[in-house]
Amino acid sequence: MSEHTRSSYEFGPFSLDAGKRLLLRNGEPVQLAPKVLETLLALIENRERVVTKDELLRQIWGDTIVEEGGLTRNISVLRKTLGEKPDEHQFIVTVPARGYQFVAQVRERHAIDESSGEPVTPEADVARRGHRAVRRWAIVGGLVALVVGAIAYAMRPVGLAEPGRPETTSAAVTPVNPAAYDAVMRARYLSVRTTDIDTQAAIALLEHAVALEPGFARAYADLAAAYVTRLTFVSPEETGELEQKAFTAAEKALSLDANLPEAYLARGDLLWTFTHRFAHERAAQEFRRALNLNPKSDQAHRRLARVYVHVGFFEEALRHASTALAINPSNTQALNSRAQALLWMGKDEEALAILMSIPGPVLPELVEANTAFALLRLGRTAEAWVQLRRALQKYPNDPSGALPGIEAMLLAESEPLRAQELLKSVAKRKPINPSHHAAYFAAAASARMGRAPEAVQWLREAAETGFPCYALFAQDANLDPIRKDPRFQAFLEDMQRQSAALRKAIFSEGK
């Protein structure tokens with residue numbers, strides 16, 4: 001017997017018996033067409049994520065050809081049945097051009113335990129849901145515990161003091177609307193997964209939260225950070241409006257709670273963007289301010305690690321990444337920063353082991369590109385090609401240009417003309433936050449072809465758009481073919497001066 005035939009779901013005044021295909025409101029049956037009820041069940045069973053329209057069409061209608069309007073009508077009927085007003089998103093959130101997510105708090109109950117035949121206790125019910133979430137997240141079997149920890153950490157109560165955190169008069173500890181609280185919890189779960197669809201879903205949830213609870217400072221801060229994450233996926237024309245939204249949300253959070261660490265994290269995120277030319281010093285100041293307010297903030301340590309790894313301060317990056325992971329072992333973005341620091345230091349084997357273990361979609365194109373980069377530097381070219389081809393199949397439209405940049409590196413000696421064509425495509429990539437990595441890969445490819453002027457031009461672009469990584473430029477073997485070129489030597493001297501000045505500015509008030 002399938003699992004859903006043993007389950008029932010309770011949300012608000014409703015109860016859905018999956019086995020009997022019966023929806024109750026306050027114990028009274030609610031009449032729904034079979035396909036409408038199947039739509040509701042599909043959304044509830046996959047409530048941890050956005051369910052795409054294609055998935056719903058396949059699951060509900062199978063191979064029958066149905067226009068998308070049929071699904072839209074089902075969603076409309078459901079909203080009316082659940083009593084959701086046009087401007088509300090208490091139960092179902094629409095993610096434009098993507099799909100839908102069920103966002104109301106759900107209590108799942110099972111009539112029979114599948115393994116023992118015993119009635120399922122509430123504790124066992126929660127455990128089973130956790131196991132299903134783990135299966136969705138765990139990419140490497142040995143990281144199951146890591147992922148469970150991520151979910152548990154993300155779902156900890158908002159605004160409660162953490163161990164070692166000084167008490168504040170933060171407005172975040174004020175009780176909030178339970179539905180708004182639940183929306184923030186769901187958004188925090190999604191925010192770990194830095195992909196377009198998850199970021200859009202997180203934004204929809206957080207916008208819903210602040211609409212329900214206009215005084216919820218933490219919701220505004222998280223919304224500001226989510227808007228910044230979304231910058232990676234939008235067109236240049238949309239950037240200005242999104243940044244304005246991020247700024248407004250962060251300032252609103254601070255107006256509600258001037259001691260909210262997450263608001264300063266959001267402000268730092270906004271400063272550390274393509275538009276603001278990656279203001280490393282100012283962003284680091286905001287992150288340190290958040291850390292002063294909450295020394296146990298793994299997110300503040302993670303963000304400092306990200307800044308430091310990009311400017312070549314690898315030891316500091318490793319220290320903050322390690323601290324973040326000690327506080328929260330499931331901080332996958334800190335894990336990624338640790339891997340990058342080791343990679344740029346030339347510790348390729350250590351970096352590769354971490355890159356291969358990062359669970360979930362955390363900057364997936366860049367992680368794939370860095371993995372291929374590490375394999376190439378280790379002389380494992382055949383494996384690098386396998387890694388790259390697999391990545392190109394999964395992410396054929398990499399907006400950052402990192403994957404084409406790596407492909408150009410792999411082809412530099414054997415097919416230089418093809419490599420140059422790929423570099424032309426890299427030059428046309430979107431001007432988004434991670435695109436400076438593609439500029440560096442393009443520089444390495446040009447250097448491997450002995451094209452010093454082009455390599456230096458790409459290096460300058462990388463440095464000017466957020467990756468002034470002198471420590472990497474000074475030692476990466478990929479740049480060895482142009483090290484005697486006077487243009488490269490002049491560039492490296494300039495970068496050395498800039499690195500020293502930046503180090504003095506960032507650490508003038510102590511680490």
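The values are calculated or read from the model by the stated rules, or taken from the named source; none is laboratory data. This is a predicted model, so every value here is computed, not measured. A quick note on method: Cβ atoms are made from the backbone with ideal geometry, for glycine too, and the neighbour counts reach across all protein chains shown. Areas reflect the complete protein model, heavy atoms only, side chains present, ligands, DNA and RNA absent. Shrake-Rupley method; radii C 1.70, N 1.55, O 1.52, S 1.80 Å.
Things worth noting here:
- Fraction of accessible area attributable to carbon and sulfur, segment 444-493 (%, probe 1.4 Å): 49 percent
- Length available on full extension from W61 to S357: 0.36 nm per residue minus the Cα-Cα distance, which gives 102.8 nm.
- On a per residue basis, segment 382-511 carries 47 Å² of accessible surface, using protein heavy atoms and a 1.4 Å probe.
- For the pair A258 and R460, label points projected 7 Å from Cα toward Cβ lie 4.5 nm apart.
- Most tightly packed first, judged by the mean number of other beta-carbon atoms within 10 Å of their residues, the peptides 421-433, 281-293 read 281-293, 421-433.
- Cross-link reach list, lysines versus K428, counting only Cα pairs under 29 Å and skipping chain neighbours closer than eight places: K245, K394
- Accessible surface calculations at 1.4 Å, restricted to protein heavy atoms, place segment 295-373 at 27 Å² per residue.
- Distance from segment 189-226 to segment 276-347 (C-alpha centre basis), Å: 22 Å
- Among 351-357, 316-322, the order from most to least packed when residues are scored by Cβ within 10 Å on average: 316-322, 351-357
- Using a Förster distance of 45 Å, the FRET efficiency for A326-D480 (Cβ separation, nearest 0.05): 0.75
- FRET efficiency, 1/(1 + (r/R0)^6) with R0 30 Å, evaluated for K504 and K424 via beta carbons: 0.20
- Computing FRET efficiency as 1/(1 + (r/R0)^6) for W385 and T248, where r is the C-beta to C-beta distance and R0 is 45 Å, gives about 0.45.
- Length gained on full extension, S414 to Q31: 131.2 nm, using 0.36 nm per residue less the C-alpha separation.
- The accessible area of I327, taken with all protein chains in place and a 1.4 Å probe, comes to roughly 50 Å².
- Segment 210-269, accessible area per residue, ligands and nucleic acids excluded (1.4 Å, Å²): 37 Å²
- Whether segment 424-484 is rounded, prolate or oblate, judged on the alpha carbon gyration tensor where a/c under 1.5 counts as rounded: oblate
- Taking each residue as 0.36 nm, the span from L378 to E349 lengthens on full extension beyond its C-alpha to C-alpha distance by 9.7 nm.
- Whether segment 9-49 is rounded, prolate or oblate, judged on the alpha carbon gyration tensor where a/c under 1.5 counts as rounded: oblate
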